[in-house]
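Values quoted throughout were computed directly from the atomic coordinates according to the rules given, and no laboratory measurement underlies them. Fair warning: this is a prediction, and the values are worked out from it, not measured in the lab. So basically every Cβ, Gly included, is an ideal-geometry build from the backbone, and we count neighbours across all protein chains shown.
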Amino acid sequence: MLIDRRKALAALTCTAAAAISYPALSQDSREIYNFVSAFPPGSGADVLVRFWSQKLMPIVPGPIVVVNKPGAMGFLAAEYTARSKPDGHTIFVHAGTSIAGNMHVFKNPPFDVTKDLKVAATLSRHSYILVVGKSAPYKNLQDLTTVVRPKGDKATYGTSNTSSFLIGELYKQKADLKVVNVNYRTSADLINDLNSGALDFAIVDSIAALGVARQGNWRLLAIGSGTRMASTPDLPTFAESGYPGIDIVSWWGALVPTSTPQPIVDTMRGWFNTAVQSPDTAEFLKATGNDVYSASPQEAAGLLAATANQWKDFVEIAKIEKI
C-alpha cells in the first residue's frame, strides 16, 4: 500500500491511526496493539509514529491504536512502554537518541532506559535545525550570532526536546553566547513566540522545521549534524557556519520492554525492515528531513547503551546542568 505525502501529513490531525497487528505473536489474534507516541496529536514528530502505523497496515492483520503520552522529554511514554506487558502489544516509536540521552540529563531518571527497553528495529535518522522567525533579518548563522551576542542573557532560544537543547548549549558555548533556553512542551508551542520576536531563535527537529518553513513561517539557518543530511542537502551545518564539533544525529526506532521474547522481537524487526525498504518510505522520510536507517540486529542490540554513553560525554562537554 503506497502512502503519499499528503495522506501521511494529514495524519497529523488525527488522534488515532488505523491499525496493525502482529501475526507471529498470534496468527488469529485481533487484539489491539499500541504504538506509543511521546508527542501530542498534531505535533510535528507525531506524524512519524502515525506514518509507521499506516505503513505496517498491509503487513500485519490486527488493529493498532496510537497512544499519545507527551511530557517529561519522552520519559512518560518510555516508562509507559517499559512497564507494559512484554508481549509485543506495546511498541514505543521514538527517537532513541533522545530517550537514551535523557539518562544523563535528568538527575533522577525514573528508570534505566538501557536496561528496561530494547530496540526491535531502527527506522530513520535525522538532525535538528536552528530556525528563526519569518521576519528575522538574519541570512546565516554568523548574522544571528553577531546580533545575539551583545544581548547577553536577555537573548532567548526555544527547544522542546533534549537533543535540541544539547545543540543549543554547544552552540552557545562555541559562539560565546549568554543566551537563555526556554523549554516548550512541543515545537508547535513556540511558533508564535519565535515569529513575534519573543525568542531570538529556536532549535527544533527537522520534521517540524521543514513543515513550518514550507508554510513560510520560519527560515532555516543550520543543521546539527556533522555533515549535511541527504534529506536537506542545501542546509549548511554548524561546522560549515564556523562552529565545529556539533554533531547530533537522532535515530528513530521501535522500542519494546527488555523482557519481550526474542522470537517476537525478530518478527517485529522483519515487519519494520520491510516497511523501511519500501521506495515510498524513503520518499516520505526525505520530505520530513529524515534519512533511512536500518541497523543490523547486532548493532541494534547495543544501540541504546552506546547512545547513552555518547550522551554522557556530550553533556559534560556542553556543561549542561541536570534537570
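A few comments on the model shown:
- For VAL93, the residues whose modelled amide H falls within less than 5 Å of its own, excluding neighbours fewer than 5 places apart on the same chain, are VAL36, LEU255.
- Counting neighbouring Cβ atoms within 10 Å and putting the fewest first, the residues ILE248, ILE264 line up as ILE264, ILE248.
- Sum of side-chain charges, VAL67 neighbourhood, beta-carbon under 12 Å (Lys, Arg +1; Asp, Glu -1): +1
- Charge dipole (the chain, unit charges on Cβ, about Cα centre) - positive-most of THR288, TRP252, PRO137: PRO137
- Projected-area average for the chain over all orientations - Cα convex hull basis, square nanometres: 14.7
- Note on the stretch 128-223: Rg/Rh from C-alpha atoms, Kirkwood Rh, equals 0.91.
- Total charge dipole magnitude, the stretch 270-323, about the Cα centre, Cβ charges on Lys, Arg, Asp, Glu only, Debye to nearest 20: 180
- The chain: most fluctuating residue of PRO70, PRO41, PRO263 per GNM, C-alpha cutoff 10 Å: PRO263
- In the structure shown, the pairs LYS172/LYS286; LYS115/LYS151; LYS115/LYS178 are assessed against 32 Å; a Cα-Cα span above that value is assigned to LYS115/LYS151; LYS115/LYS178.
- Ranking of TYR33, TYR128 by count of other Cβ atoms within 10 Å, fewest first: TYR33, TYR128
- Around the Cα centre of the chain, unit charges on the Cβ atoms of Lys, Arg, Asp and Glu (plus for the first two, minus for the last two) sum to a dipole of about 480 debye.
- For the stretch 128-223, a crude dipole built from +1 on the beta carbon of Lys and Arg and -1 on the beta carbon of Asp and Glu, taken about the Cα centre, is about 200 debye to the nearest 20.
- For VAL182, residues with placed amide H under 5 Å, excluding near neighbours: TYR157, GLY158, THR159
- Ordering of 88-97, 191-200, 216-225, 149-158 by packing is 88-97, 216-225, 191-200, 149-158, highest average first (other Cβ atoms within 10 Å, averaged per residue).
- Dividing the helix sum by the residues of the chain, where each DSSP H run of 4 or more adds -39500 (n - 2.57), gives a mean residue ellipticity at 222 nm of -10000 deg cm²/dmol.
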